[in-house]
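Beneath this line is the structure, given in structure tokens, with notes to follow.
The values are calculated or read from the model by the stated rules, or taken from the named source; none is laboratory data. Remember, predicted model here, so these are calculated numbers, not experimental data. With ideal geometry, Cβ positions are generated from the backbone for all residues, glycine too; neighbour counts draw on all protein chains shown. Ligands, DNA and RNA are stripped out before the accessible areas are found, and what is left, the full protein with its side chains, is counted by its heavy atoms. Shrake-Rupley method; radii C 1.70, N 1.55, O 1.52, S 1.80 Å.
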Amino acid sequence: MTLLAPAEGDGAWHGGCLALAQLARRGLLLPSRLPEVVPRVLHALGYDVRRGAHSVGQHVRDAACYVCWAFARAYDSSVVRPHVLPLARGMLASTGR
């Protein structure tokens, strides 16, 4: 979770998202942690940093989408239900970039 902080670079965000997805897939991310994790995943879904004439962030947004997929596969629908709408909106917004 410390990798998903505003001061961290895109590599940390990418790796942090991949780690969260793997933890969720393997049942090691407890459902009680979702309220803490989901806001950071939402931030990752919108990650976009300007660097000169271009921006960086597609790989972070892709990894955040993988986290959403992992949540859907790992948890019962009743567990993810409170988070589905914000995550779905975040994923839809990230496809338009």
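Report the one residue of Leu20, Val37, His83 whose Cα lies farthest in the direction of the positive end of the charge dipole of the chain (charges on C-beta: Lys and Arg +1, Asp and Glu -1; origin at the Cα centre). Sorting the options by dipole projection puts first His83.
Expressed as a whole percent, the accessible surface of the chain that belongs to carbon and sulfur atoms is 59, based on a 1.4 Å probe.
Averaged per residue, what accessible area in Å² does the chain show with a 1.4 Å probe, protein chains only? Can you show the working numbers first?
Details: 5580 Å² over 97 residues.
Accessible area per residue, the chain: 58 Å².
Quick one: grab the alpha carbon gyration tensor of the chain, order the square roots of its eigenvalues as a ≥ b ≥ c, and give me rounded if a/c is under 1.5, else prolate or oblate depending on whether a/b is larger than b/c. Write out the running numbers ahead of the final one.
On the way: a/c = 2.24, a/b = 1.60, b/c = 1.40.
It comes out prolate by the Cα gyration axes.
Relative to the Cα centre, what is the charge dipole magnitude of the chain, using +1 at the beta carbon of each Lys and Arg, -1 at the beta carbon of each Asp and Glu, and rounding to the nearest 20 debye? Walk me through the numbers on the way to the answer.
Details: 11 positive and 6 negative charges, 28 e Å.
Computed charge dipole of the chain: roughly 140 debye.
Per the helix-only calculation at 222 nm, which mean residue ellipticity applies to the chain, given -39500 (n - 2.57) for every DSSP H run of n ≥ 4 and division by its residues, nearest 500 deg cm²/dmol? Roughly -22000 deg cm²/dmol at 222 nm, from the helical runs in the chain. Considering only alpha-carbon pairs that sit under 8 angstrom and 6 or more positions apart, the relative contact order computed for the chain is 32 percent. Between the helical axis of 77-95 and the longest alpha-carbon principal axis of the chain there is an angle of about 20 degrees. A straight chain from His59 to Ala19 at 0.36 nm per residue would run longer than the Cα-Cα distance by 13.0 nm. With respect to the chain, whose longest principal axis is taken over its alpha-carbon atoms, helix 34-45 is tilted by about 30°.
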